[in-house]
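Trainee: Here it is: the structure, laid out below.
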């Protein structure tokens, strides 16, 4: 078995979803003559793992792009912690504590872990107040600290991430999002390219982070993963919200029925 | 079987590896980091040394070092474009264009007046470096803003600059530069070290600092490694790519100024062989065509290797046409090896 993510030490802290963190109300998006979203409302709470499911063309990716600042909406209101916000760019979303992890992870393969974690926000000082220089040791130290805090164990932080397994790369990608003040992580098919074992470990990491105050909005086609990790499941069909159900109060059959027939 | 952190469960697997395995592992690591450079460098030194004993004489090696200086400088510029997954096919013609511009400005400002020598040299060098920076900016804007393929953009620029250099000079060498220019930038040798070698060493130090010590260098590598990830990380890929091409052409312009001092005329045909030689030096030096991988120290050794090859073949009286064939074959071999090396890197996993 390859080197992999470690599950959390001991039991995952109990999670109690808190106040609404992200609230999207009546979101409408039209591409040409096609209404991709027809007034979708969604709420993700603090410490919550919300799954977003639906068939192809249901509007999941469009909604996620809007919430991550990669796409703008035509109508509707988005609030973060109760305050209306404008998410025109990914940087806007990041400033409000929303980070997105896309399928390609956003890693540079030939870089090692600290280089990836600090990509685009390298720590540097100025020699004689003029010449910039990278603080290599400080970045390595903070990366090691971050990994320790998140209970992510990698064999060697100084190896290129190209030599790491899919699960390890996911862990690096997630951890780099947590370097800033992130409150909500949006993940688009996070386990799509992973094996069963690796996928399980990434789910463990998600649950562990949710227990530490990070909320998640996860798009997934894998119903087993959705049922095992989420607190609530939102189902979209043809650009409309079919419903939101608590995971512990539903079944796979019911969710599948909502996806296929659009009925609660 | 392995533990979660990758360490082997079976103690026999963790036992000290044998000598052969250790040597194999070392060679594998050297190959992944430096490509075939160490091997071909060693083979060329041994081969030429055996075939022609004068090859290893101090005088000859000193001569090689002096000749390699200009290729080292141009190769360091070329390296930057490959790091961002591009290429600069116009380095040779940039050398010619900058040479003519520098010589024209220098000779017209000097006007035969020895009192104006210092001003003329400064004006000529500034004009040459500015011309180089402009070439890089045009290349960079064409590639990033107008999305022209780097190969096509810089091949087009090659033709433009070749024509411009010939037009500006009327196809004739440009004379009239102050004698202090050549004396200072080509033949001055403090502590018996030729000035061009000192300039190249200073540039090497600057490259090491920028590439490994500054956020700029880190971002150049990042853009070549994965431009989409770099963009998502907030790096202004367009601006950094343009800046990389500007740096490349400015470095090449600096090499051109030193070469102009060496020949003491502005030449529209200067640097004709530098294109193939610089790409060969850079790729043999382990800089990947796929971007994001390569070390400046190996590029210097790559340039030394190419100069050694030329020097060795000259000593063995190999026909100059055959020399071109050999250099071309080396370039193709280096690219094939680069692809194989990248494939190996991608396959390397803990399991």
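The values are calculated or read from the model by the stated rules, or taken from the named source; none is laboratory data. Here the structure is a predicted model, which is why all the values come from computation and not from measurement. Note that each Cβ is placed from the backbone with ideal geometry, even for glycine, and that neighbours are counted across all protein chains shown.
Trainee: Of the residues B:345, B:309, which single one is within 12 Å of another protein chain (Cβ to nearest Cβ), buried (at least 17 other Cβ atoms within 10 Å of the Cβ), in contact (Cβ under 8 Å) with a residue 24 or more places away in the chain and in a helix (DSSP H, G or I)?
Mentor: The conditions single out B:345.
Trainee: Moving on. Run down B:28, B:57 and say which single residue is at pLDDT 55 or above, surrounded by 10 or more Cβ atoms within 10 Å (Cβ to Cβ), out of contact with any strand residue (DSSP E or B) (no Cβ under 9 Å at 6 or more places or on another chain) and within 14 Å of chain A (Cβ to nearest Cβ).
Mentor: From the options B:28, B:57, the qualifying one is B:28.
Trainee: Can you confirm whether residue A:241 is more than 20 Å from residue A:117 (Cβ to Cβ) and at pLDDT 90 or above?
Mentor: In short, yes.
Trainee: Out of A:77, A:28, A:108, report the one residue that is surrounded by 21 or more Cβ atoms within 10 Å (Cβ to Cβ) and either part of a strand (DSSP E or B) or modelled with pLDDT of 90 or more (or both).
Mentor: A:108
Trainee: I would also like to ask the following. Of the residues A:192, A:173, A:207, which single one is at pLDDT 85 or above and out of contact with any strand residue (DSSP E or B) (no Cβ under 6 Å at 6 or more places or on another chain)?
Mentor: Sole residue among the options that is at pLDDT 85 or above and out of contact with any strand residue (DSSP E or B) (no Cβ under 6 Å at 6 or more places or on another chain): A:207.
Trainee: OK, next. Pull up segment B:223-254, narrow it to residues that are farther than 24 Å from residue B:135 by Cα and part of a helix (DSSP H, G or I), then point me to the one that is modelled with the lowest pLDDT.
Mentor: B:232
Trainee: Filter segment A:1-25 down to the residues that are crowded, with 17+ Cβ neighbours inside 10 Å and either closer than 17 Å to residue A:71 by Cα or modelled with pLDDT of 95 or more (or both) and list them by number.
Mentor: A:22, A:23, A:24
Trainee: Oh, and also: For segment B:14-90, give me every one of the helices (runs of 4 or more DSSP H) that falls completely inside it and has 3 or more residues that are in contact (Cβ under 8 Å) with a residue 60 or more places away in the chain and over 30 Å from residue B:158 (Cβ atoms). If you could, list the steps in order and put the result at the bottom.
Mentor: Details: elements: B:19-34, B:37-51, B:58-83.
So the answer is B:19-34, B:37-51.
Trainee: Taking into account only those residues within segment A:114-125 that are more than 10 Å from chain B (Cβ to nearest Cβ) and either over 19 Å from the mean Cα position of the chain (by Cα) or surrounded by fewer than 20 Cβ atoms within 10 Å (Cβ to Cβ) (or both), which is nearest to residue B:231 (Cα to Cα)?
Mentor: Across segment A:114-125, the extreme among qualifying residues is A:114.
Trainee: Pick from segment A:88-105 the residues that are under 15 Å from residue B:232 (Cα atoms) and part of a loop (DSSP other than H, G, I, E, B): which of them is farthest from the other protein chains (Cβ to nearest Cβ)? Break it down into steps so the answer makes sense when it comes.
Mentor: If we filter segment A:88-105 for residues that are under 15 Å from residue B:232 (Cα atoms), which is where we start, we get A:88-95, A:98-105.
The next check asks that each one be part of a loop (DSSP other than H, G, I, E, B); those that pass are A:88-89, A:102-105.
Working: A:88: 15, A:89: 10, A:102: 8, A:103: 11, A:104: 7, A:105: 8 Å.
The selected residue is A:88.
Trainee: In segment B:314-321, is there at least one residue being out of contact with any strand residue (DSSP E or B) (no Cβ under 8 Å at 6 or more places or on another chain), more than 14 Å from chain A (Cβ to nearest Cβ) and at positive phi?
Mentor: To start, the set of residues in segment B:314-321 that are out of contact with any strand residue (DSSP E or B) (no Cβ under 8 Å at 6 or more places or on another chain) comprises B:314-321.
Still in the running and more than 14 Å from chain A (Cβ to nearest Cβ): B:314-321.
Filter once more, keeping what is at positive phi: B:317.
Yes - at least one qualifying residue is present in segment B:314-321.
Trainee: Go through segment B:266-281 and count every residue that is within 16 Å of residue B:169 (Cβ to Cβ) and out of contact with any strand residue (DSSP E or B) (no Cβ under 6 Å at 6 or more places or on another chain).
Mentor: Filtering segment B:266-281 down to residues within 16 Å of residue B:169 (Cβ to Cβ) leaves B:266-272.
Of the ones still in play, those that are also out of contact with any strand residue (DSSP E or B) (no Cβ under 6 Å at 6 or more places or on another chain) are B:267-272.
Residues in segment B:266-281 being within 16 Å of residue B:169 (Cβ to Cβ) and out of contact with any strand residue (DSSP E or B) (no Cβ under 6 Å at 6 or more places or on another chain): 6 in total.
Trainee: Only one residue in B:49, B:6, B:35 is within 14 Å of chain A (Cβ to nearest Cβ) and either within 22 Å of residue B:318 (Cβ to Cβ) or at pLDDT below 80 (or both). Which one?
Mentor: On the way: B:49 fails: within 14 Å of chain A (Cβ to nearest Cβ); B:35 fails: within 14 Å of chain A (Cβ to nearest Cβ).
On inspection, the qualifying residue turns out to be B:6.
Trainee: Also: Please enumerate the residues belonging to segment A:126-159 that are at the interface with chain B (Cβ under 9 Å from one of its Cβ atoms), surrounded by 18 or more Cβ atoms within 10 Å (Cβ to Cβ) and under 21 Å from residue B:234 (Cα atoms).
Mentor: A:134
Trainee: Another question, then. Which residue out of A:58, A:51 is away from chain B (no Cβ under 14 Å), modelled with pLDDT of 85 or more, closer than 15 Å to residue A:241 by Cβ and assigned to a loop (DSSP other than H, G, I, E, B)?
Mentor: A:58
Trainee: Which residues, taken from segment B:192-241, are in contact with a helix residue (DSSP H, G or I) (Cβ under 7 Å, 6 or more places away or on another chain), within 27 Å of residue A:101 (Cα to Cα) and more than 12 Å from chain A (Cβ to nearest Cβ)?
Mentor: Selection gives B:238, B:241.
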